[in-house]
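The values are calculated or read from the model by the stated rules, or taken from the named source; none is laboratory data. Keep in mind it's a predicted model, so treat the numbers as computed, not measured. Note that each Cβ is placed from the backbone with ideal geometry, even for glycine, and that neighbours are counted across all protein chains shown. For the accessible areas, the whole protein counts, side chains as well, though only heavy atoms, and no ligand, DNA or RNA atoms are used. Shrake-Rupley method; radii C 1.70, N 1.55, O 1.52, S 1.80 Å.
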Amino acid sequence: MTPDIASPAPEYWQVASDEVLYERIANSGGPMSRGRTERLSATVLGRDTGAVRCPRVLRVGLDFGRRNPLNCVRDLLKACGFADEREAREALALPGEPCICRPDAAPRPAPVGSLPAADALYQALVLGLCTAWCYDPRRPVLWTRASLTRQLELFDGRGFYA
């Protein structure tokens with residue numbers, strides 16, 4: 001017997017109560033009841049040996065405490081005797097090649113007050129030349145609250161396509 005479209009559903013399709021419905025779903029035995037999820041992750045960043053090398057070049061991060069990062073960096077420029085970031089950039093030996101960046105998985109930002117002014121300014125310049133994913137020594141130094149408060153690891157990606 002084929003049911004008409006307008007006819008009621010056969011009795012075996014109807015669910016009498018929520019308890020019966022739960023029992024049918026819980027005991028389905030299908031692939032969904034045997035589902036499993038595992039998170040897999042791997043990286044080539046930080047490898048110093050092997051066919052693919054992306055060694056870590058630098059780890060940067062500054063803790064400004066309650067101070068405004070922009071005002072603090074301006075004070076660092078003055079303490080080191082530089083008129084502006086261009087002058088400081090020319091005087092300090094910053095990494096000369098582009099680098100791959102990633103957020104530091106185990107950040108340990110250095111308190112600005114505990115560092116010599118030149119060391120804190122060096123890190124601030126590197127942070128100003130970074131986006132969240134790339135360090136480019138050819139770009140202008142961009143100091144923003146976001147860029148100065150990042151904690152990053154920089155990697156040399158030249159060995160990636162070896």
- Message: Rounded, prolate or oblate, given the Cα gyration tensor of the range 62-106, with a/c below 1.5 counting as rounded?
- Response: oblate
- Note on the structure: Checking the range 77-158 for chymotrypsin sites (Phe, Trp or Tyr not before Pro) in a loop per DSSP with at most 14 other beta-carbon atoms within 10 Å yields Trp133
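So if we plug the beta-carbon distance of Ala105 and Trp143 into 1/(1 + (r/R0)^6) with R0 = 25 Å, what FRET efficiency do we get, rounded to 0.05?
Values: r = 25 Å, r/R0 = 0.98.
With a Förster radius of 25 Å, E is 0.55.
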- Solvent-accessible area, 1.4 Å probe, carbon plus sulfur percent, for the range 43-143: 53 percent
- In cubic angstrom, how much convex hull volume per residue do the alpha carbon atoms of the range 76-162 span? 103 Å³
- Task: Please identify every one of the trypsin sites (Lys or Arg not before Pro) in the range 58-162 that sits in a loop by DSSP and has no more than 15 other beta carbons within 10 Å of its own beta carbon.
- Result: Arg66, Arg67, Arg138, Arg158
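Just the accessible area per residue of the range 47-145, please: how many Å² with a 1.4 Å probe?
Values: 5680 Å² over 99 residues.
Spelled out: the 1.4 Å probe surface of the range 47-145, per residue, equals 57 Å².
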